[in-house]
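Report on the structure given below.
The values are calculated or read from the model by the stated rules, or taken from the named source; none is laboratory data. Fair warning: this is a prediction, and the values are worked out from it, not measured in the lab. All Cβ positions, glycine included, derive from the backbone under ideal geometry; neighbour counts span all protein chains shown. Calculation scope for accessible area: heavy atoms of the full protein, side chains included, ligands and nucleic acids excluded. Shrake-Rupley method; radii C 1.70, N 1.55, O 1.52, S 1.80 Å.
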Amino acid sequence: MIGFAIVKDLSVKSLSWLITGLFLYGIALALLLRASLGVGPWNVLTSGLVEVTGISFGLMTNLIGLGVLLIWIPLRQRPGIGTVLNVLLVGTSADIGLWLIPPVSGVFLQVAMFAGGLSLLAAATGVYIAPGLGPGPRDGLMTGLHQRTGAPVWLCRGGVEITVLAVGWLLGGLVGIGTVAEALLIGPMVHRTLPFFRTVYAGRAASEAVAAETRAGA
């Protein structure tokens with residue numbers, strides 16, 4: 001049975017940030033799908049399973065998240081409220097986005113929509129992680145494998161993502177130039193958005209306190 005992580009900052013503010021970030025994350029996925037240039041490995045798997053089962057993309061996203069969360073049990077990972085809401089909300093908001101956003105045609109519009117979706121994905125990641133209420137199920141899988149096997153995080157992440165990409169591609173998932181672009185760009189983009197939104201979330205007072213401590217220790 002999965003034990004839950006202790007939540008240090010469960011407030012209206014933290015929940016608002018978490019829910020907003022997860023909702024925007026799902027909308028970003030919808031934009032990337034409507035661009036039809038290819039999606040990241042996990043979403044290739046999701047779109048491939050959608051092709052096979054006929055289940056909506058959002059529902060399949062939630063089901064895969066739930067399945068991954070169950071794998072946490074032997075890995076002895078402890079989810080937070082953010083982990084659970086990730087499973088429930090991302091796929092749901094992706095389906096809302098797919099309902100609201102029409103498909104586009106033409107390279108210019110596709111590239112513009114892809115760029116907008118990728119930018120929103122990076123921003124949404126920073127927003128939902130900022131309160132520190134628990135990692136997403138896929139991120140927890142990587143860290144859990146690292147802790148249990150001793151293999152480097154990059155190897156765990158790479159191995160899992162190559163596997164799900166290959167399975168998704170075999171099932172007919174959406175692979176394209178966007179798959180490569182997302183793999184190369186999302187890491188550096190989140191590297192920028194995460195500290196930015198953590199600072200915004202903490203507020204000016206916290207930032208000034210950190211700066212004061214830094215000056216005092218200089």
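Mind checking whether some residue in region 197-208 is within 28 Å of Pro41 (Cβ to Cβ) and at pLDDT 90 or above? Looking for residues that are within 28 Å of Pro41 (Cβ to Cβ) and at pLDDT 90 or above, one finds at least one in region 197-208, hence yes.
Report yes if some residue within region 7-18 is touching a Ser or Thr at 6+ places or on another chain (Cβ under 9 Å) and either modelled with pLDDT of 95 or more or not small (Gly, Ala, Ser) (or both); otherwise report no. Checking region 7-18: at least one residue is touching a Ser or Thr at 6+ places or on another chain (Cβ under 9 Å) and either modelled with pLDDT of 95 or more or not small (Gly, Ala, Ser) (or both). On inspection, Ser105 does not qualify as surrounded by 22 or more Cβ atoms within 10 Å (Cβ to Cβ) and more than 23 Å from Pro188 (Cα to Cα).
Report yes if some residue within region 23-33 is open to solvent by less than 20 Å² (accessible area, probe 1.4 Å), touching a residue at least 12 places away in the same chain (Cβ under 8 Å) and aromatic (Phe, Trp, Tyr); otherwise report no. There is no residue in region 23-33 that is open to solvent by less than 20 Å² (accessible area, probe 1.4 Å), touching a residue at least 12 places away in the same chain (Cβ under 8 Å) and aromatic (Phe, Trp, Tyr). For Ser47, the stated conditions do not hold, so it cannot be described as of a type in the set (Ser, Thr, Tyr), in contact (Cβ under 8 Å) with a residue 40 or more places away in the chain and either more than 26 Å from Leu185 (Cβ to Cβ) or in contact with a Cys (Cβ under 9 Å, 6 or more places away or on another chain) (or both). Cβ separations smaller than 8 Å between residues 6+ apart or across chains give the following pairs from region 166-189 residues that are loosely packed, with under 14 Cβ neighbours inside 10 Å to residues that are in a helix (DSSP H, G or I) and at pLDDT 90 or above: Leu170/Gly48.
For every residue, the table says whether it meets (1) closer than 26 Å to Gly176 by Cα; (2) small (Gly, Ala, Ser); (3) crowded, with 22+ Cβ neighbours inside 10 Å.
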| residue | (1), (2), (3) |
| --- | --- |
| Val44 | yes, no, yes |
| Glu51 | yes, no, no |
| Ser56 | yes, yes, no |
| Thr61 | yes, no, yes |
| Ile71 | no, no, no |
| Gln77 | no, no, yes |
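Considered as a group, the residues in region 154-165 that are under 17 Å from the mean Cα position of the chain (by Cα) and either open to solvent by 60 Å² or more (accessible area, probe 1.4 Å) or among the charged types (D, E, K, R) (or both) include one that is modelled with the highest pLDDT, and that residue is Ile162.
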